[in-house]
Amino acid sequence: MSHTSQPVGGPRSLTLPQPLRTESGEVLPEVRVGYETWGRLAPDRSNAVLVLHALTGDSHVSGPAGPGHPTPGWWDELIGPGRTLDTDRYFVVAPNALGGCGGTTGPGSLAADGRAWGSRFPRLTIRDQVAAEAATADVLGIGRWAAVVGGSMGGMRAVEWAVTHPARVGALFLVATTAAASAEQIAWCSTQVRAIRDDPGWAGGDYHSRPAEQGPWRGLGLARRIAHVTYRSEAELAARFGRDRQPGEGPDGRYAVESYLDHHAAKLTARFDAGSYVSLTEAMNSHDVGRGRGGVAAALARISAPTVVAAVDSDRLYPPAQQQTLADGIPGAGPLRVVTSSYGHDGFLIELDQVAPLLTELLDRVGAAARRHPTTTATGR
């Protein structure tokens with residue numbers, strides 16, 4: 001039985017046909033997955049590309065702001081007719097991550113008793129999120145992705161996809177990500193989670209039934225301020241703000257950089273759920289592609305897909321040495337590619353004039369191989 005209508009085109013939602021057992025042993029009896037698609041699925045289902053979002057991203061990779069999407073697509077320039085992910089050629093699928101708040105089951109979703117999951121929501125790992133995405137692909141009838149693409153948290157899921165399901169990944173594009181969360185990344189993330197949990201409005205995670213203004217939004221805003229500093233580079237902040245005060249606030253007003261962080265905190269608290277922020281952040285902390293597989297090197301050696309790994313040279317959150325580990329460890333990766341940017345980690349979202357050619361190169365390489373050896377690229381489960 002189909003669990004989705006029209007598995008091509010536009011925003012979609014589906015229900016997984018089976019309960020999802022998490023790595024912790026807890027079970028989500030029903031999982032809804034929100035996703036968006038662009039283009040059309042080929043009759044032989046060989047042209048599907050999976051695009052995976054970062055922490056506070058969502059399935060809205062491309063398209064204008066609108067109902068349910070307060071901002072334009074986060075990689076809008078890459079998807080569409082004639083663009084890097086050419087929708088005249090590819091069927092692009094972008095799911096919202098398990099634990100999120102963009103249409104996929106998360107802490108704010110209703111459980112069977114009609115109440116939000118809240119504190120009862122299982123603690124998730126990146127592998128749990130990939131398990132939900134694999135089940136989504138099954139519902140859509142996609143046995144093998146032509147490519148899996150991801151940056152930051154999306155890159156964590158992409159590399160986990162390629163290790164867990166190597167036969168289902170035709171090509172792999174990783175940018176500004178890592179094979180395993182580092183001690184420093186865990187430290188930054190756990191500090192953000194603590195900011196939310198220490199907010200009295202957190203209520204142990206069971207705040208969803210309260211009036212909206214009583215939620216843990218101060219804590220979420222503080223978490224966003226902390227995170228946003230790590231997303232940008234010191235050089236950019238210095239050049240952009242220096243020690244200037246915010247115009248119009250006088251000599252004792254906020255520094256301009258404080259106003260900047262306040263702005264980003266307000267934007268996130270208006271659109272994102274604090275429980276989802278905690279769930280997704282803790283999933284990122286769990287990320288270690290080598291866990292239970294003999295270590296990172298042994299796990300990366302399982303990847304069979306042609307791969308491009310890219311780093312942002314000014315990224316202080318996911319420093320290029322982490323992408324070098326990926327490039328060195330994945331058999332089909334080739335040399336590490338470097339995106340030059342003053343923006344730090346966020347460069348993977350901003351420097352699309354550099355990111356797009358790298359993705360094009362990978363897709364062209366895979367396409368050329370398919371033309372030379374057409375029988376080796378057949379899809380199937």
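The values are calculated or read from the model by the stated rules, or taken from the named source; none is laboratory data. Just so you know, these numbers come straight off a predicted model, no measurement behind them. Neighbour counts are summed over all protein chains in view; Cβ atoms, including those assigned to glycine, are modelled from backbone coordinates with ideal geometry. With ligands, DNA and RNA removed, areas are computed over all heavy atoms of the protein, side chains included. Shrake-Rupley method; radii C 1.70, N 1.55, O 1.52, S 1.80 Å.
Could you tell me which of the residues 27, 93 is closer than 22 Å to residue 362 by Cα, touching a strand residue (DSSP E or B) at 6+ places or on another chain (Cβ under 9 Å) and not polar (S, T, N, Q)?
The unique qualifying residue is 93.
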Residue 97: passes all of (1) surrounded by fewer than 24 Cβ atoms within 10 Å (Cβ to Cβ); (2) assigned to a loop (DSSP other than H, G, I, E, B) but (1)
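Here are 251, 247: which of them is in a loop (DSSP other than H, G, I, E, B), at pLDDT below 95 and over 30 Å from residue 105 (Cα atoms)?
Values: 247 fails: at pLDDT below 95.
It is 251.
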In this structure, does residue 46 turn out to be touching a Lys or Arg at 6+ places or on another chain (Cβ under 8 Å) and surrounded by fewer than 21 Cβ atoms within 10 Å (Cβ to Cβ)?
yes
Among the numbered criteria (1) in contact with a strand residue (DSSP E or B) (Cβ under 6 Å, 6 or more places away or on another chain); (2) farther than 17 Å from residue 154 by Cβ; (3) open to solvent by less than 10 Å² (accessible area, probe 1.4 Å), which single criterion is violated by residue 122?
(1)
Please enumerate the residues belonging to segment 128-151 that are open to solvent by 10 Å² or more (accessible area, probe 1.4 Å) and not in a helix (DSSP H, G or I).
141, 144, 146
Restricting the search to segment 57-94, which residues are more than 25 Å from residue 305 (Cα to Cα), among the polar types (S, T, N, Q) and surrounded by fewer than 21 Cβ atoms within 10 Å (Cβ to Cβ)?
71
Please list, ordered by first then second residue, the pairs with beta carbon atoms under 9 Å, 6 or more apart or interchain, first in segment 180-194 and at pLDDT 95 or above, second of a type in the set (Asp, Glu).
180/288; 181/288; 189/282; 190/282; 193/282
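Please specify each residue of segment 49-70 satisfying the condition of being closer than 17 Å to residue 152 by Cβ, free of Cβ contacts under 8 Å to residues at least 60 places away in the same chain and not small (Gly, Ala, Ser).
Going residue by residue through segment 49-70, those that are closer than 17 Å to residue 152 by Cβ are 50-61.
Adding the requirement that they be free of Cβ contacts under 8 Å to residues at least 60 places away in the same chain leaves 58-61.
Answer for segment 49-70, where residues must be closer than 17 Å to residue 152 by Cβ, free of Cβ contacts under 8 Å to residues at least 60 places away in the same chain and not small (Gly, Ala, Ser): 58, 60, 61.
If a residue counts only when it is at pLDDT below 95, farther than 21 Å from residue 71 by Cβ and open to solvent by 20 Å² or more (accessible area, probe 1.4 Å), which helices (runs of 4 or more DSSP H) contained entirely in segment 265-381 have at least 3 such residues? Reasoning before the result, please.
Details: elements: 274-286, 296-300, 320-329, 347-350, 352-372.
In segment 265-381, 352-372 are the helices (runs of 4 or more DSSP H) which contain 3 or more residues that are at pLDDT below 95, farther than 21 Å from residue 71 by Cβ and open to solvent by 20 Å² or more (accessible area, probe 1.4 Å).
For every residue, the table says whether it meets (1) in contact with a Phe, Trp or Tyr (Cβ under 8 Å, 6 or more places away or on another chain); (2) among the hydroxyl-bearing types (Ser, Thr, Tyr).
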residue	(1), (2)
266	no, no
283	no, no
290	no, no
294	no, no
299	no, no
302	no, no
307	yes, yes
310	yes, no
Positions within segment 210-259 being in contact (Cβ under 8 Å) with a residue 40 or more places away in the chain, open to solvent by 20 Å² or more (accessible area, probe 1.4 Å) and under 21 Å from residue 316 (Cα atoms), in sequence order:
222, 224, 225, 231, 232, 234, 235, 239
Looking at residue 117 and the list (1) surrounded by fewer than 24 Cβ atoms within 10 Å (Cβ to Cβ); (2) in contact with a Phe, Trp or Tyr (Cβ under 9 Å, 6 or more places away or on another chain), which single condition is not satisfied?
(2)
Among residues of segment 153-184, those that are closer than 25 Å to residue 275 by Cα and open to solvent by 10 Å² or more (accessible area, probe 1.4 Å), counted:
5
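Got a number for residues in segment 171-227 being aromatic (Phe, Trp, Tyr) and within 30 Å of residue 309 (Cβ to Cβ)? If you could, list the steps in order and put the result at the bottom.
At the first step, the residues of segment 171-227 found to be aromatic (Phe, Trp, Tyr) are 173, 188, 202, 207, 217.
Restricting the remaining residues to those that are within 30 Å of residue 309 (Cβ to Cβ) gives 173, 188.
Counting residues in segment 171-227 that are aromatic (Phe, Trp, Tyr) and within 30 Å of residue 309 (Cβ to Cβ) gives 2.
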